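Colleague: Before we start, here is the structure in question, set down as structure tokens.
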Amino acid sequence: MIVMKFGGTSVEDARAIERVAAIVKERLPQKPVVVVSAMAKVTDTLLTMARAAGAGERKTALKLCRSLQERHYNTASELMGTALFTDFHSELGTDFEGLDELLRGISAVGELTPRTTDHVAAFGEMLSSKIVAAAFVARGLKAAHVDSREVLVTDSSYMAAAPQQEETNERLHSKVKPLLDNGEVPVMGGFIGANRAGVTTTIGRGGSDFSAAIVGAGLGAERIEIWTDVDGILTTDPRICPEARRIKVISFDEAAELAYFGAKVLHPATVLPAIQKNIPVYVLNSLNPSCEGTKITTRAPQGKNIFKAIAVKKRITIVDVAAPRMLLAHGFLRAIFEAFDRHKVAVDVVSTSEVSVSLTVDSNYAIPALAADLAKLADVKYEGRKAIVCLVGESLRDKPGVAALVFGKLADKKIRMISQGASEINLTFVIEEDEVPEVIQRLHSTFFADLDPEVYA
């Protein structure tokens, strides 16, 4: 069997869902399990209405809810026709009544908690998976909707819940495998699950990819397919560099590194369950299903090019912590990282000297409070509008002169931080955000002018 995950743009409207049905139909002999995201932009709208309700703006929240209801009704009606939609209409109506009541309750209380945020956010995948399953049936596919909350078991860390693989595997085998054995196509929503008490949870933004990998690992899939709106993983962001080319095959480690440092095709955690089970992951394009996409596997051919790809992560802030009075003081670094932990701020790149530490973090609202906390330990400065550039390739430690080649091309640029050696597969540095287009274009033209046909399309 295989797992096929379709992202938001792949199920954004009736026409897109029709394409998905055609793609799945071709895969029927391989016994697919289909995992879908919410329709494009729906999760953003749900979170906006939840915040509005929490702020007491009930009319705004309910207006957004009605517009979302109309969009889902129109899509379902277009896919099913009048007769079939009549039966389905009441089921969707019940779901939206539940969302309406939830928003009214949040507004009445005037407080939005992580638990209620998850409850609201889950509606996107719940609705899209029901519509996709019904559309499959209308097109002659033997499909069955599976409520992911009855299968994906998580802890109670709302908005970023951790899946409990062993219990999830048991439920996959009891609820999903019998459908496959009966020749049916299970259709589930990604991103959502429930804790042991049955309370709805989500596994974080981008978690539909992770859901697909968990399902694939639990059922022993031959492969996991991530269907998006691009032809696969590219050498860099094509919006910055139109010359970007498709990578045919890449290692799990390289793909995870690229995803973490800004390549948005894939959620970083996606690869973890697949690595454990050695299941290949394919990134494919639902708008161009004939394209072979990118294969992600445990070991990939190294190829003739030094680097496999370049990723960029924008909206970065550098935090400088300098404390001469703490020279050689025991526990200084621990105290710094404990402050980051208290404020739940993740660190990307770290550079240290004897008396100072520089760190990069995603620019967010927590930084002023974090800086105030760190000021109790040392002198603190922070600067935003930075970007991380990450060049990824196999065995970079063993290749002499790599850094000289990279920074020789950027001799006129201000490099704020450099990291190499922590990982053997990346060279990372920090620049001003407005320098990104020129830096990426220069590096791409240098390192990807002559491509190895075994690795690149």
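Taken together, the values in this text are just the output of simple stated rules run on the coordinates, not laboratory data. Just so you know, these numbers come straight off a predicted model, no measurement behind them. Cβ placement follows ideal geometry from the backbone for every residue including glycine, while neighbour counts extend to all protein chains displayed.
Colleague: Could you compute Rg(Cα) / (2.2 N^0.38 Å) for the chain, with N its residue count? If you can, show how the numbers build up before the last one.
Modeller: Numbers: Rg = 23.6 Å, N = 457, 2.2 N^0.38 = 22.6 Å.
So the chain has a normalised radius of gyration of 1.05.
Colleague: What's the magnitude of the charge dipole for the chain around its Cα centre, counting Lys and Arg as +1 and Asp and Glu as -1 at the beta-carbon? Answer in Debye, nearest 20. Could you put the intermediate results ahead of the total?
Modeller: Numbers: 53 positive and 57 negative charges, 49 e Å.
The dipole magnitude comes to about 240 debye.
Colleague: Got the relative contact order for region 2-229 handy, in percent, Cα pairs under 8 Å and 6 or more residues apart?
Modeller: Values: 423 pairs, mean separation 65.0, N = 228.
Answer for region 2-229 is 29 percent.
Colleague: Report relative contact order for the chain in percent, whole number only (criteria: Cα-Cα under 8 Å, sequence separation at least 6).
Modeller: After rounding, I find 14 percent.
Colleague: Further question: Rounded to the nearest 0.05, what FRET efficiency do Asp398 and Gln276 give with R0 = 30 Å and r taken as the Cβ-Cβ distance? Could you check? Don't jump to the answer; show the numbers that get you there.
Modeller: On the way: r = 27 Å, r/R0 = 0.90.
Here the calculated transfer efficiency is 0.65.
Colleague: Here is a further query. On a 0 to 90° scale, report how tilted helix 332-342 is relative to the longest principal axis of the chain, with both axes built from alpha carbons and the result rounded to the nearest 10.
Modeller: It is inclined by approximately 20 degrees.
Colleague: I'd like the chymotrypsin sites (Phe, Trp or Tyr not before Pro) in region 350-457 restricted to DSSP loop residues with at most 14 other Cβ atoms within 10 Å, sorted by number. Don't skip to the end; give the middle numbers.
Modeller: Numbers: sites: Tyr365, Tyr382, Phe407, Phe429, Phe447, Phe448, Tyr456; in loops: Tyr365, Phe448.
Here the sparse-neighbourhood loop sites are Tyr365.
Colleague: Taking Cα atoms, how many degrees apart are the long axis of helix 436-447 and the longest axis of the chain, rounded to 10 and kept between 0 and 90?
Modeller: Here the helix axis deviates by roughly 80 degrees.
Colleague: Here's a follow-up. Holding the Cα-Cα limit at 25 Å, pick out from Lys264/Lys308; Lys308/Lys399; Lys63/Lys313; Lys41/Lys63; Lys264/Lys399 the pairs that are longer than that.
Modeller: Numbers: Lys264/Lys308 16 Å; Lys308/Lys399 14 Å; Lys63/Lys313 35 Å; Lys41/Lys63 16 Å; Lys264/Lys399 28 Å.
In this structure, Lys63/Lys313; Lys264/Lys399 exceed 25 Å between Cα atoms.
Colleague: Given the peptides 132-138, 301-307, 185-191, arrange them by the average over their residues of other C-beta atoms within 10 Å, most packed first. Write out the running numbers ahead of the final one.
Modeller: On the way: 132-138: 22.9, 301-307: 17.9, 185-191: 29.0.
Top to bottom by mean Cβ count within 10 Å: 185-191, 132-138, 301-307.
Colleague: From the Cα gyration tensor of region 2-229, with a ≥ b ≥ c the square roots of its eigenvalues, which class applies: rounded if a/c is under 1.5, or else prolate if a/b is larger than b/c, or else oblate? Spell out each step's value before the answer.
Modeller: Working: a/c = 2.03, a/b = 1.27, b/c = 1.60.
Taking the square roots of the gyration eigenvalues as a ≥ b ≥ c, region 2-229 is oblate.
Colleague: Additional query: Would you please give the residues with an amide H less than 5 Å from that of Glu424, counting only those at least 5 places away or on a separate chain, with H modeled from the backbone geometry?
Modeller: Under 5 Å from the amide H of Glu424 lies no amide H from a residue far enough along the sequence or on another chain.
Colleague: Sort Leu272, Leu410 so the one with the fewest other Cβ atoms within 10 Å of its own Cβ comes first.
Modeller: Numbers: Leu272 14, Leu410 18.
Sorted ascending by nearby Cβ count, the order is Leu272, Leu410.
Colleague: Could you rank the peptides 412-418, 44-50, 6-12 by their average count of other C-beta atoms within 10 Å per residue, with the highest value first? Write down the numbers at each step before the final one.
Modeller: Numbers: 412-418: 14.3, 44-50: 19.4, 6-12: 23.7.
Most protected by this proxy first, the peptides run 6-12, 44-50, 412-418.
Colleague: Same structure again: Looking at the chain only, what percent of DSSP beta bridges run antiparallel? Nearest 5 please. The partial results should precede the final answer.
Modeller: Working: 42 of 68 bridges.
Bridges in the chain are about 60 percent antiparallel.
Colleague: Roughly how many Å is it from the Cα centre of region 190-247 to that of region 369-429, as a whole number?
Modeller: Each part's Cα centre sits 27 Å from the other's.
Colleague: Let me ask you something else. So how do 216-223, 279-286, 64-71 stack up, highest first, on mean other-Cβ count within 10 Å?
Modeller: Ranked by mean Cβ neighbours within 10 Å, highest first: 279-286, 216-223, 64-71.
Colleague: Give the angle, between 0 and 90 degrees and rounded to the nearest 10, that separates the Cα long axis of helix 207-219 from the longest principal axis of the Cα atoms of the chain.
Modeller: Once rounded, the angle reads 70 degrees.
Colleague: Continuing with this model, one more query. Please work out the Kirkwood hydrodynamic radius for region 374-457, using every pair of different C-alpha atoms, and report it in angstroms with one decimal place. Please report the intermediate quantities before stating the final value.
Modeller: Working: mean 1/r = 0.0679 Å⁻¹.
Result for region 374-457, one decimal place: 14.7 Å.
Colleague: I've got another one for you. Counting only other residues whose beta carbon sits under 12 Å from that of Asp253, what net charge do I get with K and R as +1, D and E as -1? Let's see the in-between values first.
Modeller: Working: positive: Arg299, Lys308; negative: Glu254, Glu257, Glu394, Glu424.
So the environment of Asp253 carries a net charge of -2.
Colleague: Taking amide hydrogens as modeled 1.01 Å from N in the peptide plane, which residues meet the under 5 Å criterion relative to Val249, leaving out close sequence neighbours?
Modeller: Lys295
Colleague: May I pose another question? Under the Karplus relation 6.51 cos²θ - 1.76 cosθ + 1.60, θ = phi - 60°, what is the ordered set of whole-Hz ³J(HN,Hα) values for region 385-396, x standing for Gly and Pro?
Modeller: Each residue's phi maps through the Karplus curve to give 6, 10, 9, 9, 10, 10, 9, 10, x, 6, 6, 5 Hz.
Colleague: Moving on to the next point. Taking H as built 1.01 Å from N, whose amide H comes closer than 5 Å to the amide H of Ser363, not counting residues under 5 places away?
Modeller: Ile316, Thr317
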